[in-house]
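Colleague: My questions all concern the structure below.
The values are calculated or read from the model by the stated rules, or taken from the named source; none is laboratory data. Because the structure is predicted, anything quoted here is derived from the model rather than measured. So basically every Cβ, Gly included, is an ideal-geometry build from the backbone, and we count neighbours across all protein chains shown. Areas reflect the complete protein model, heavy atoms only, side chains present, ligands, DNA and RNA absent. Shrake-Rupley method; radii C 1.70, N 1.55, O 1.52, S 1.80 Å.
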2 protein chains.
Amino acid sequence: MSVPLLEQLVEAFRVLPGVGQKTAQRMAYHVLERGRDGGRRLAEVLGEAVEKIGHCERCRDFSETPLCPTCASASRDAHLLCAVESPADRLAIEQATGYRGLYFVLQGRLSPLDGIGPRELGLHTLGERLAEGEVQELIIATNPTVEGEATAHYLAQLARQHGVRPSRPAHGLPLGGELEYVDRGTLSHAFGSRGEMP
Amino acid sequence: MSVPLLEQLVEAFRVLPGVGQKTAQRMAYHVLERGRDGGRRLAEVLGEAVEKIGHCERCRDFSETPLCPTCASASRDAHLLCAVESPADRLAIEQATGYRGLYFVLQGRLSPLDGIGPRELGLHTLGERLAEGEVQELIIATNPTVEGEATAHYLAQLARQHGVRPSRPAHGLPLGGELEYVDRGTLSHAFGSRGEMP
């Protein structure tokens, strides 16, 4: 009784994260009512991106070229390497900090129960890279979750094996936050690792 | 420094309703990381939908064919016609009620300030249709907003001109709601149009 192509479109929108039946419907109607040009463009770019964007062979980040622009850049500091779990984490660091070193994107975290071991995270290539001797410090910026911590521990050992200094971003109270609303784990950690006031 | 195609993709996702920079980024990364097949499918269906889905020449709803399946169906009651503002409203009625009549989708509401008059809503074709004499009742299901009410008023006059009985869905307290949380306008209206208990 209804338009099959429209139903297919609603169904197709549900592949997006956080998009359920109702939102997918709203997106489909919105594109058809008010955003046909944008929809056409999205279809083109999405189709092209899905085919052309692969992974940088050096840092495993998304890249259209075999080597991503960051890895190919001569102006980045090759002594610093920052390991992150996902491309989104890499982008967050790139946008928020003045970091000028290179990255290594794990595309996941160690999770033996899900069959994700060192090989799936490309840690053999990371090992080879650390063995080259150019990297002096490995900044381990995995997420502060159980699996992220386990991954960080593994990476730190790997770095030490190759004589590279492992480091990680400071953990503690977020700036602008209020003690009252900080979760227990963070507060306890921040309290335990307090430093002398300058 | 970053992948241009990826940036284009993030930008393209922003055409969707309620999607800002951050959500668009999440969608782009999600599709590339875990949903390439779904992304490919979305690109295809979206491209096809934007080109092929037009409007039914009789009810103005979205349709791939000149006449939509509902208008073309012989099993719908042609004596009943329901006017709604948008295809989404039509779908909501179709899914929630057992209505077996036909629809007329205004694709908007009267809004002189935005240059939307009777012609933009296709009311001349609606007038011609009412003049054919088959429709006996016009159910006016516009939204209960100021513009929706004005549109309803106009449609009711149009119906009476052609000897068609105008009607509208009942307004009042929503089922399952609590008096305390109902907005004033609704409560006042429901109180004023109270009926005797059966």
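Colleague: Non-local amide H neighbours of B:Ser63 (under 5 Å, H modeled in plane, Pro and chain starts lacking H): which ones?
Modeller: Here the answer is B:Gly54, B:His55, B:Cys56, since their amide H atoms fall under 5 Å of that of B:Ser63.
Colleague: Something else about it: Kindly provide log₁₀ I(q)/I(0) values, in the same order as q = 0.11, 0.14, 0.21 Å⁻¹, from the Debye equation applied to equal alpha-carbon scatterers of segment B:1-102.
Modeller: Summing over Cα pairs of segment B:1-102 leads to -0.54, -0.74, -1.06.
Colleague: If you restrict to DSSP beta bridges whose two residues both lie in the protein assembly as shown, what percentage is antiparallel, to the nearest 5?
Modeller: Once the DSSP bridges in the protein assembly as shown are tallied, antiparallel ones form about 20 percent.
Colleague: Can you compute the charge dipole magnitude of the protein assembly as shown about its Cα centre, using +1 on each Lys and Arg Cβ and -1 on each Asp and Glu Cβ, nothing else charged? Give it in debye, rounded to the nearest 20.
Modeller: 0
Colleague: Let me ask another. Please list, short to long, the whole-number percent of alpha-carbon pairs of segment A:4-52 in consecutive 10 angstrom bins beginning at zero.
Modeller: 26, 55, 19, 0
Colleague: For the pair B:Glu44/B:Ala72, report the inter-label distance in nm, with labels modelled 7 Å from Cα in the Cβ direction.
Modeller: My value for the distance between the label points is 2.3 nm.
Colleague: When the gyration tensor of the protein assembly as shown is built from Cα positions, what are the square roots of 5 times its three eigenvalues, in whole Å, from largest to smallest?
Modeller: 57, 27, 17
Colleague: Round to the nearest 10 and give me the degree value, 0 to 90, for the angle of helix A:146-161's Cα axis relative to the longest principal axis of chain A.
Modeller: Computed tilt is about 50 degrees.
Colleague: Same structure again: Show that you can apply the helix-only estimate: for chain B, add -39,500 (n - 2.57) for every DSSP H stretch of four or more residues, divide by all residues, and state [θ] at 222 nm to the nearest 500.
Modeller: -13500 deg cm²/dmol
Colleague: Which ³J(HN,Hα) values in Hz, rounded to whole numbers, follow from the phi angles of segment B:128-140 under the Karplus curve 6.51 cos²θ - 1.76 cosθ + 1.60, where θ = phi - 60° and Gly and Pro get x?
Modeller: 4, 5, 5, 5, 4, x, 6, 6, 9, 9, 10, 8, 9
Colleague: Let me ask you something else. What angle do you read, to the nearest 10 degrees and between 0 and 90, between the alpha-carbon axis of helix A:36-52 and the longest principal axis of chain A?
Modeller: It is inclined by approximately 50 degrees.
Colleague: What residue in chain B has the Cβ closest to the axis turning B into A, and how close is it in whole Å?
Modeller: B:Ala43, 2
Colleague: Evaluate peptide B:10-20: per residue, the Cβ atoms of other protein chains within 10 Å of its Cβ; return the mean as an integer.
Modeller: Average per residue, whole number: 6.
Colleague: A further question follows. Just the number, please: buried accessible area between B and A, total of both chains, 1.4 angstrom probe, nearest 100 square angstrom.
Modeller: The buried area between B and A, both sides summed, comes to about 5100 Å².
Colleague: If you don't mind, another one. With a 1.4 Å probe and all protein chains left in place, how much accessible area per residue does the protein assembly as shown have, in Å²?
Modeller: On a per-residue basis, the protein assembly as shown sits at 55 Å².
Colleague: Follow-up question, since we're still on this one. From the backbone phi of segment B:6-21, what are the Karplus-calculated ³J(HN,Hα) couplings (6.51 cos²θ - 1.76 cosθ + 1.60, θ = phi - 60°) in whole Hz, Gly and Pro given as x?
Modeller: Each residue's phi maps through the Karplus curve to give 5, 5, 4, 5, 4, 4, 5, 5, 5, 5, 6, x, x, 10, x, 3 Hz.
Colleague: Next question. Indicate, rounded to the nearest 5 percent, the antiparallel portion of the DSSP beta bridges found entirely in segment A:62-167.
Modeller: 10
Colleague: Please work out the Kirkwood hydrodynamic radius for segment A:113-192, using every pair of different C-alpha atoms, and report it in angstroms with one decimal place.
Modeller: That comes to 14.5 Å for segment A:113-192.
Colleague: Let me ask something else. To check my understanding: the extent here is largest minus smallest coordinate of the Cα atoms along each principal axis. What are those three numbers for segment B:62-167, in Å, largest first?
Modeller: That works out to 39, 29, 26 Å along the principal axes.
Colleague: Please report the projected area of chain A's Cα convex hull averaged over all directions, in nm².
Modeller: 17.1
Colleague: How large a share of the accessible area of chain B, in percent, is made up of carbon and sulfur atoms when the probe is 1.4 Å and the other protein chains stay in place?
Modeller: Result for chain B: 53 percent of the exposed heavy-atom area is carbon or sulfur.
Colleague: Something else now. Roughly what % antiparallel, to the nearest 5, for the DSSP beta bridges in chain B?
Modeller: If I count the DSSP bridges inside chain B, around 20 percent turn out antiparallel.
Colleague: List the residues of segment A:64-89 whose backbone N lies under 15 Å from a point placed 7 Å from the Cα of A:Glu120 along the Cα-to-Cβ direction.
Modeller: Residues A:85-86 fall inside that zone.
Colleague: Sticking with this one: I'd like the FRET efficiency for A:Arg14 and B:Asp183, computed as 1/(1 + (r/R0)^6) with the beta carbon distance as r and R0 of 35 Å, rounded to 0.05.
Modeller: 0.60
Colleague: Sort B:108-121, B:46-59, A:170-183 by packing, meaning the average of other beta carbons within 10 Å per residue, with the highest value first.
Modeller: Ranked from most to least packed, the peptides come out as B:46-59, B:108-121, A:170-183.
Colleague: Provide the per-residue ³J(HN,Hα) series for segment B:190-197, in order, calculated from phi with Karplus coefficients 6.51, -1.76, 1.60 and θ = phi - 60°, each as a whole number of Hz, with x at glycine and proline positions.
Modeller: Once rounded to whole Hz, the list reads 5, 5, x, 9, 5, x, 5, 6.
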